[in-house]
Amino acid sequence: MRWFIAVFITVYLGLSSYGALRWTSTISSNPLRRTVLGLAALGALALPIGRAASGVIPEAARHGLVQIGEIWMALLPALVIPALIWDLFRLITCLLGKSPGPRANGRIFLVWTAASILMVTAGAVNARFPAVRHLKLEIPELSGPPIRAVLLTDLHVDSETSRTWLKRVTDSVRELSPDVILMAGDILDGSDGPALEKAAAGLAELKAPMGTYACPGNHEYYLGIDGARTIMESNGITVLMDDRNQLDHRLWIIGREDVQSARMGRPRAPLASLIPDDDLPTIVLDHTPSSIEESREAGASLVLSGHTHHGQTFPFQFVTSALFDLDWGLKRYGETWAYVSCGVGVWGPPIRTSSRPELVLLELSER
């Protein structure tokens, strides 16, 4: 984990420096250029300082730094991508023996900056208000009345999570009157400790007659899987890690260890070994949607995943769609349904510009 943080900060600060310097090169006024560079430096350094200063500076100031840094992180792609495209174009024209042209076009950069700020502002509002997606799925082996299941993924609850936002989510789930709540990983995030336990206490409001079930995601392993499991279970969530539970003698819920678990010394079991040898349908909770084919081969009725956030911010949805066969939405693989949620929370910047955060209401019936 330490090497990941070191690499992330190095790349992050490098891109911040490049983007800020290239953007301010379009400003002719020296005083204005220095002011903008100062603001850019504050934005770039705010996040690492805010994250590292827990217990060192007043909590309100630290939280403010984190928020400033997260907004900067959301703006960063809009600063870097056009600058890279512009410089690549100049490099190619130079290699072709032609004049590379000006280092920047101030008017174009100004328009792009204004559009980027508007996009990030809209994304910040979008991230705060999840939508409800309603899906009706036929599960041939399911007997009895339909089952209403609410799927939640990628809440990323940490010490910075707004209590108002979490209450909005839990209230929305309650209003859907689910029979069972299913959580497909990355429920918790950040660092372990009293602040996280306090923030996660709102999860206790997630209640349903048949129970609340979760599998872990990669961030639970980064946090510390044993501590993460303890926090979730203390708030009434049944955590299934290569384990299963039968609901009302009508179906099985199977929760898998995440694909990252092997790196933590916890290799996960083959799915076929977890599916009971009976006629009941099976719902598989598997955080990362990289093993859908294994679920199909094992005969699962439905596999539910998250992880991708559908990129969360533009243009990273193109990256997730290239990495996964299904990075958001519903698809059928043979007799197995698969749904990958874009998630209800955020990681990093509290902004969504590539998708609407979602709660998924699944109405499961035989016909």
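The values are calculated or read from the model by the stated rules, or taken from the named source; none is laboratory data. Just so you know, these numbers come straight off a predicted model, no measurement behind them. Because the Cβ atoms are built from the backbone with ideal geometry, glycine has one as well, and the counts that use them run over all protein chains shown.
Please work out which one of (1) within 20 Å of the chain's Cα centre (by Cα); (2) under 15 Å from Arg266 (Cβ atoms) is the condition Ala200 fails and give its number.
That leaves (2) as the condition not met.
If you take just the strands (runs of 3 or more DSSP E) that sit entirely in region 202-291, which of them hold at least 3 residues that are at pLDDT below 95?
Numbers: elements: 212-215, 243-247, 251-255, 282-285.
Here the list is empty.
Here are some conditions: (1) at pLDDT below 95; (2) of a type in the set (A, V, I, L, M, F, W, C); (3) out of contact with any Phe, Trp or Tyr (no Cβ under 8 Å at 6 or more places or on another chain); (4) part of a helix (DSSP H, G or I). Leu142 meets all but one. Which one does it not meet?
Every listed condition holds for Leu142 apart from (4).
Counting only residues that are part of a loop (DSSP other than H, G, I, E, B) and in contact with a Phe, Trp or Tyr (Cβ under 8 Å, 6 or more places away or on another chain), which one in region 340-358 is surrounded by the fewest Cβ atoms within 10 Å (Cβ to Cβ)?
Residues of region 340-358 part of a loop (DSSP other than H, G, I, E, B): 341-357.
When the remaining residues are screened for being in contact with a Phe, Trp or Tyr (Cβ under 8 Å, 6 or more places away or on another chain), the result is 341-342, 353-355, 357.
Numbers: Ser341: 26, Cys342: 27, Thr353: 24, Ser354: 20, Ser355: 23, Pro357: 24.
Applying the filter and picking the extreme gives Ser354.
For region 294-305: of the residues being in a loop (DSSP other than H, G, I, E, B) and not aliphatic (A, V, I, L, M), which is surrounded by the fewest Cβ atoms within 10 Å (Cβ to Cβ)?
First, the residues of region 294-305 that are in a loop (DSSP other than H, G, I, E, B): 299-301.
Then keep just the ones that are not aliphatic (A, V, I, L, M); that gives 299, 301.
Working: Gly299: 14, Ser301: 23.
Among those residues, the one meeting the criterion is Gly299.
So which pairs qualify, if the first residue must be in region 77-100 and assigned by TED's automatic domain parsing to the domain that holds Ser25 and at pLDDT below 85, the second must be in a helix (DSSP H, G or I) and of a type in the set (D, E, K, R), the Cβ gap must be under 6 Å, and the two must be at least 6 apart or on different chains?
Filtered contacts from region 77-100: Ala83/Arg22; Pro100/Arg90.
Pairs needed: first member in region 117-130, touching a residue at least 40 places away in the same chain (Cβ under 8 Å); second member anywhere, in a helix (DSSP H, G or I) and polar (S, T, N, Q); C-beta distance under 7 Å; at least 6 residues apart or different chains.
Pro130/Ser172
Here is a yes/no grid of residues against (1) over 30 Å from Val66 (Cα atoms); (2) surrounded by 15 or more Cβ atoms within 10 Å (Cβ to Cβ); (3) touching a residue at least 12 places away in the same chain (Cβ under 8 Å):
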site: Pro276; (1), (2), (3): yes, no, yes
site: Leu280; (1), (2), (3): yes, yes, yes
site: His287; (1), (2), (3): no, yes, yes
site: Ile292; (1), (2), (3): yes, yes, yes
site: Phe316; (1), (2), (3): no, yes, yes
site: Val319; (1), (2), (3): no, no, no
site: Asp325; (1), (2), (3): yes, no, yes
site: Leu361; (1), (2), (3): yes, yes, yes
site: Leu364; (1), (2), (3): yes, yes, yes
